């Protein structure tokens, strides 16, 4: 059983500093650019201002609605414009290095993100697709590594290499649609899409990469392109309080809080950022979150750690703390990872905890672990594929290219 004595050094820094910054390649991708930015690029190519709005709409449709992977596919765009665009830009997404498929159908992609034109400096992130009967959820990363060092999270053991760009964030969704054949006119039991929900719960702390996350999610939710409703997009934060209100005002998606403890002493250790933004301050930011209501409840994520935070006293205090906040509590059985000091709470204890919270009037679903066998479950992402041998990586990459 894990105890607080086994948690990470309380003197560890609360936030890591990025080791690198993004260096664009010589021919950058147009993915991730807003309409205004696309118009500016067309202006650089000599497209007259009076034509720019129409051309932007054409590009937007081909890139974000039809998923075009080259300018040659854009038949409604003039040949001269396509040639000029291809000379300066691409519509490249992150490269799929490896794909793993869990026994339960969960898919995890290791994606390469070149930095400049030096392949030796390419970075890698992971994103995960979770198919369910009523939805298909894509878990998207916002950083290479993570700013924070939460004690129970595998991703938090990594260095923070750099923030992702808006294009690299949107690109993960486009990769998923490419791999799942999920672009225009696709008919499925869920309607015409397999990827129906987005959760910013992959590698990284989204609110420490605010501008890129905002710009990416505004593209993702645009109804003339990728078109995923803001009510189907959830941004999860460990509690970067100053940016919570901004997220509500400037992005307007659903909010999730990685809470995991109801006492500052414990949360200081599990989520060290709590030493900067303690529970009371965090919950006040939730009460003030623009748009929060019974129809748009805030999700509080609570990982169940055996003997650490799973007592009925914890459940009682949790209910007390959330009074007045339109909330639901998402109980997450701890997903083990190599070297972790924790164990998952016993199932009987999880059920008791859930029952108490439910009887107090809060929805308290227990998240079914998905993708544990490929380290794709909550808190497990850490680009584990980096540890594979060159031969193993080459084989996985070949499989990814031929599937």
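The values are calculated or read from the model by the stated rules, or taken from the named source; none is laboratory data. Quick caveat, the model's predicted, so the values are computed rather than measured. In this analysis, Cβ positions are derived from the backbone assuming ideal geometry, glycine residues included, and neighbour counts consider all displayed protein chains.
Out of all the residues in segment 38-57, which are within 29 Å of the chain's Cα centre (by Cα) and surrounded by 15 or more Cβ atoms within 10 Å (Cβ to Cβ)? So that I can check it myself, show each step before the final result.
Step one: filter segment 38-57 for residues within 29 Å of the chain's Cα centre (by Cα), giving 38-41, 56-57.
Across segment 38-57, the qualifying residues are 38, 39, 41, 56.
What's the number of the condition residue 72 fails, among (1) at pLDDT 95 or above; (2) not in a helix (DSSP H, G or I)?
(2)
Is segment 143-165 home to any residue that is buried (at least 21 other Cβ atoms within 10 Å of the Cβ) and under 19 Å from residue 27 (Cα atoms)?
The answer is yes, given that some residue of segment 143-165 is buried (at least 21 other Cβ atoms within 10 Å of the Cβ) and under 19 Å from residue 27 (Cα atoms).
Among the helices (runs of 4 or more DSSP H) lying completely within segment 226-288, list those that include at least 1 residues that are touching a residue at least 60 places away in the same chain (Cβ under 8 Å) and buried (at least 19 other Cβ atoms within 10 Å of the Cβ).
On the way: elements: 241-250, 264-270, 279-287.
So the answer is 264-270.
Restricting to segment 157-168, name every residue that is in contact with a strand residue (DSSP E or B) (Cβ under 8 Å, 6 or more places away or on another chain) and farther than 12 Å from residue 92 by Cβ.
Just the residues of segment 157-168 that are in contact with a strand residue (DSSP E or B) (Cβ under 8 Å, 6 or more places away or on another chain), to begin with: 160-164, 167-168.
Scanning segment 157-168 gives 160, 161, 162, 163, 164.
Among the listed residues 169, 173, 198, which satisfies the condition of being part of a strand (DSSP E or B), at pLDDT 95 or above and either under 24 Å from residue 22 (Cα atoms) or assigned by TED's automatic domain parsing to the domain that holds residue 333 (or both)? Talk me through it step by step, then tell me what you get.
On the way: 169 fails: part of a strand (DSSP E or B); 173 fails: part of a strand (DSSP E or B).
Only one candidate passes the filter, namely 198.
List pairs: first in segment 355-381 and assigned by TED's automatic domain parsing to the domain that holds residue 103, second at pLDDT below 90 and not in a loop (DSSP other than H, G, I, E, B), Cβ under 6 Å, 6+ apart or cross-chain?
From segment 355-381, the pairs are 375/384; 381/155.
Return yes when residue 63 is outside the structural domain of residue 181 (by TED's automatic domain parsing) and over 16 Å from the mean Cα position of the chain (by Cα) and no when it is not.
On the way: outside the structural domain of residue 181 (by TED's automatic domain parsing): yes; over 16 Å from the mean Cα position of the chain (by Cα): yes.
Yes; evaluated as a whole, the condition is true for this residue.
Just give me the residues in segment 155-165 being within 16 Å of residue 272 (Cα to Cα) and more than 15 Å from the chain's Cα centre (by Cα), in sequence order.
Step one: list which residues in segment 155-165 are within 16 Å of residue 272 (Cα to Cα), which gives 155-160.
Result: 157, 158, 159, 160.
State whether the residues of segment 154-162 include one that is in a loop (DSSP other than H, G, I, E, B) and at pLDDT 95 or above.
Of segment 154-162, the ones in a loop (DSSP other than H, G, I, E, B) are 154, 158-161.
Next, only the ones that are at pLDDT 95 or above stay: none.
The answer is no, given that none of the residues of segment 154-162 is in a loop (DSSP other than H, G, I, E, B) and at pLDDT 95 or above.
If residue 343 satisfies all but one of (1) buried (at least 18 other Cβ atoms within 10 Å of the Cβ); (2) under 20 Å from residue 307 (Cα atoms); (3) at pLDDT 75 or above, what's the number of the condition it fails?
With (1) buried (at least 18 other Cβ atoms within 10 Å of the Cβ); (2) under 20 Å from residue 307 (Cα atoms); (3) at pLDDT 75 or above applied to residue 343, the lone miss is (1).
With respect to the numbered conditions (1) over 18 Å from residue 206 (Cβ atoms); (2) under 16 Å from the mean Cα position of the chain (by Cα), which one is the sole condition not fulfilled by residue 94?
(1)
Which residue pairs have Cβ atoms under 6 Å apart, sit 6 or more places apart or on different chains, and have a first residue in segment 83-94 that is surrounded by fewer than 21 Cβ atoms within 10 Å (Cβ to Cβ) and a second that is at pLDDT 95 or above and part of a helix (DSSP H, G or I)?
86/71
Can you work out which of the residues in segment 290-305 that are touching a strand residue (DSSP E or B) at 6+ places or on another chain (Cβ under 6 Å) and part of a loop (DSSP other than H, G, I, E, B) is nearest to residue 330 (Cα to Cα)? Please lay out each step first, then the result.
From segment 290-305, those touching a strand residue (DSSP E or B) at 6+ places or on another chain (Cβ under 6 Å) are 292, 297-304; that's our starting set.
Cutting the leftovers down to part of a loop (DSSP other than H, G, I, E, B) gives us 292, 297.
Numbers: 292: 17, 297: 12 Å.
Selected residue: 297.
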